[in-house]
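Undergrad: Dropping a structure here in structure tokens format, bear with me for questions.
The values are calculated or read from the model by the stated rules, or taken from the named source; none is laboratory data. Quantities reported herein were computed from a predicted structural model and do not represent experimental measurements. Don't worry about glycine lacking a Cβ; one is built from the backbone with ideal geometry, like all the others, and counts go over all protein chains shown. What goes into the accessible areas is simple: the full protein's heavy atoms, side chains included, and nothing from ligands, DNA or RNA. Shrake-Rupley method; radii C 1.70, N 1.55, O 1.52, S 1.80 Å.
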Amino acid sequence: MKPISRRAALTLGGLGLAGTAIGGAGLLWSAQDGPGRAGVQPAGSAFGALPGDTLREPAELRSANGLLEVTLDAAPGRVDIGGRSATTLGYNGGLPGPTLRVRAGDRLAVSLHNGLAERTNLHVHGLHVSPEGNSDNPFVMIEPGDSFDYEYRLPADHSPGLYWYHPHHHGVVADQVSGGLYGAIVVEDPDPIPAARERVLVISDLTLDSSGTLGGATAAERMRGREGELVLVNGQLKPALGIRSGERERWRIVNTCVARYLRLRLDGQDLHLLGLDSGRFEAPKSVEEVLLAPGNRADLWVTAVQGAAVLRAVAYDRGSTAGMGGMMGGNGAGATEGTIDLATVTVTGAGVAALPAIPRQPKPADLRGATVTARREFVFAMGMGGGMGGGMGFTINGREFDGGRVDTTVQGDSVEEWTLTNTSPMDHPLHLHVWPMQVVNQGGRAVDSVLRQDVVNVPARSAVRVRIAFTGFTGKTVYHCHILDHEDNGMMGVIDVRPAGQPLT
Ligand code: C2O
Ligand code: CU
Ligand code: CU
């Protein structure tokens, strides 16, 4: 896709649902039947029997002269999925919403219009920006029909990488994200990483009924964390893409699924992981597979080897609620269902000459030698007795979320070490806003490299230790399980980072 000018970007961003018939990539809700299928209906007509269309990229909006101004309209609309018309939610009529491309030091101004029937708001997942005021403030509430102007100022030393945006109104986050409200944010590299092509792959899942309407989630699914029946790449079912043999592409992949873990494989191809979340490794690692918990991102180099390949999500056991007293409506099986094909890759042509050298990245900051000023433990638990009506409670240190309570008070500019202890039989991926975490110990074993992530999976009945430098910003924000149903069920806490030197009370 060609970059578009800021002027065009502004226009695109401001169009909203009414203007989506212009047919730009990613603006899919132009007609009952999506573009590009020329009257061919898939045999069997169920969603997705056919190998899909060519992979599309979401529309892109790019900053210029240090500024990106966009309007995001969150609203229901019609979209083509696997040759069938469906009604989902989306930003600016796209599924996913437009990719926002910015640079360190930029100002990102987002006017969010709420075209939904319920409250919403916006979170810029992973960005290191202020959590206060009209910046990345998860406590903002936008009523149906209202708009809110967000403004995010990225520091000049902001880490490059893939980030994303999604709603964060407690209680309806899982519904809104699974409905289609998500989009990617790219913070560009100061020095470009050489690649024949760069692709943004937004992986999501959803469930549609036979009429193409979003399925809700049952109580049991909300406990376990809903997994959609359809797993989409850039809103498409099993899209196809082609690479020339020997070419090296850069794939930026985000897992926007509410609860589904993505253990990704692309067998037969050569994969190097450049980093996870905002963390970039000093040198890319050769990998066979990448595990992305909900919210995680991967920055992958794919070097094409002759032949065909399939991007697959293979089974991952994130534990189950079985054996918890049978209160789960019998749905106790772990998420160990079979392999899911996400996209097909065709490699053609003769080998490409010389591959670009793998550039060494700046040595990542390492908190392992830092002076730790506080150590805390956070216990993630599931049990009876919490919540309204005595259902299953999802707690951190024994408490469910209360937006009016501060759970953790931290001194700004300090480094803390947190032990994340999961006493439950399911994995919980912990996410902290604003400040990335460095994983220093997993299941009792020290981590021997710099592993910086903003979503850290804590496997069932185990512990992970992280260190966090609370630099750059102060204010109140949240940490929570990124299985968004668990977050909506209460597995979230409030953190208040106080200015350095101010006494903590
Ligand atoms: Cu991506 Cu608080 O979440
Ligand atoms: Cu976040
Ligand atoms: Cu959880």
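Undergrad: Please give the per residue accessible area of the stretch 106-220, computed with a probe of 1.4 Å over protein heavy atoms only, in Å². Intermediate results must be reported in sequence, preceding the final value.
TA: On the way: 3810 Å² over 115 residues.
On a per-residue basis, 33 Å².
Undergrad: Under a crude label model (7 Å from the Cα following the beta-carbon direction), how far is Glu188 from Arg360 in nanometres?
TA: Once both label points are built, they end up 2.6 nm from each other.
Undergrad: Around Arg452, with a cut-off of 13 angstrom between Cβ atoms, what is the net charge of the other residues, counting Lys and Arg +1 and Asp and Glu -1? Mind showing how you got there, number by number?
TA: Working: positive: Arg280, Arg297, Lys363, Arg368, Arg467; negative: Asp277, Glu282, Asp299, Asp366, Asp454.
Charge balance near Arg452 sits at 0.
Undergrad: Under a 1.4 angstrom probe, counting protein chains only, how are Asp402, Asp106, Asp191 ranked by accessible area, largest first?
TA: Values: Asp402 70, Asp106 10, Asp191 120 Å².
Descending order: Asp191, Asp402, Asp106.
Undergrad: Give me Rg/Rg_expected for the stretch 367-498, where Rg uses Cα atoms only and Rg_expected = 2.2 N^0.38 Å with N residues. The partial results should precede the final answer.
TA: Working: Rg = 14.3 Å, N = 132, 2.2 N^0.38 = 14.1 Å.
Output field value: 1.02.
Undergrad: In whole Hz, with x marking every Gly and Pro, tabulate ³J(HN,Hα) for the stretch 183-200 from phi via Karplus 6.51 cos²θ - 1.76 cosθ + 1.60, θ = phi - 60°.
TA: x, 9, 10, 10, 9, 5, 6, x, 10, x, 8, x, 7, 5, 7, 10, 10, 9
Undergrad: Another question, if that's okay. Which whole-number value in Å² is the accessible area per residue of the stretch 367-498, probe 1.4 Å?
TA: Numbers: 4570 Å² over 132 residues.
Averaged over the residues of the stretch 367-498, the accessible area is 35 Å².
Undergrad: Here is a further query. Taking square-rooted eigenvalues a ≥ b ≥ c of the alpha carbon gyration tensor, is the stretch 94-145 rounded, prolate or oblate, where a/c under 1.5 means rounded and, failing that, a/b exceeding b/c means prolate?
TA: Values: a/c = 2.36, a/b = 1.36, b/c = 1.74.
In terms of gyration-tensor shape, oblate.
Undergrad: To continue, here is another question. Which length gain, in nm to one decimal place, applies between Arg405 and Ser147 when the Cα-Cα distance is subtracted from 0.36 nm times their residue separation?
TA: The Arg405-Ser147 span can extend by a further 90.2 nm.
Undergrad: Report the antiparallel proportion of the DSSP beta bridges in the stretch 367-498 as a percent, rounded to a multiple of 5.
TA: Working: 35 of 46 bridges.
Bridges in the stretch 367-498 are about 75 percent antiparallel.
Undergrad: While we're here: Measuring from centroid to centroid over Cα atoms, what is the spacing of the stretch 58-130 and the stretch 396-419 in Å?
TA: Here the answer is 30 Å between Cα centres.
Undergrad: Out of the total accessible area of the stretch 367-498 (probe 1.4 Å, heavy atoms of protein only), what percent is carbon and sulfur?
TA: Values: 2140 of 4570 Å².
That share works out to 47 percent.
Undergrad: Would the stretch 185-264 count as rounded, prolate or oblate if I go by the C-alpha gyration tensor, calling it rounded below 1.5 in a/c and otherwise prolate when a/b exceeds b/c, oblate otherwise?
TA: In terms of gyration-tensor shape, prolate.
Undergrad: Give me Rg/Rg_expected for the stretch 107-216, where Rg uses Cα atoms only and Rg_expected = 2.2 N^0.38 Å with N residues. Mind showing how you got there, number by number?
TA: Values: Rg = 16.0 Å, N = 110, 2.2 N^0.38 = 13.1 Å.
Scaled against compact globular proteins, the figure is 1.22.
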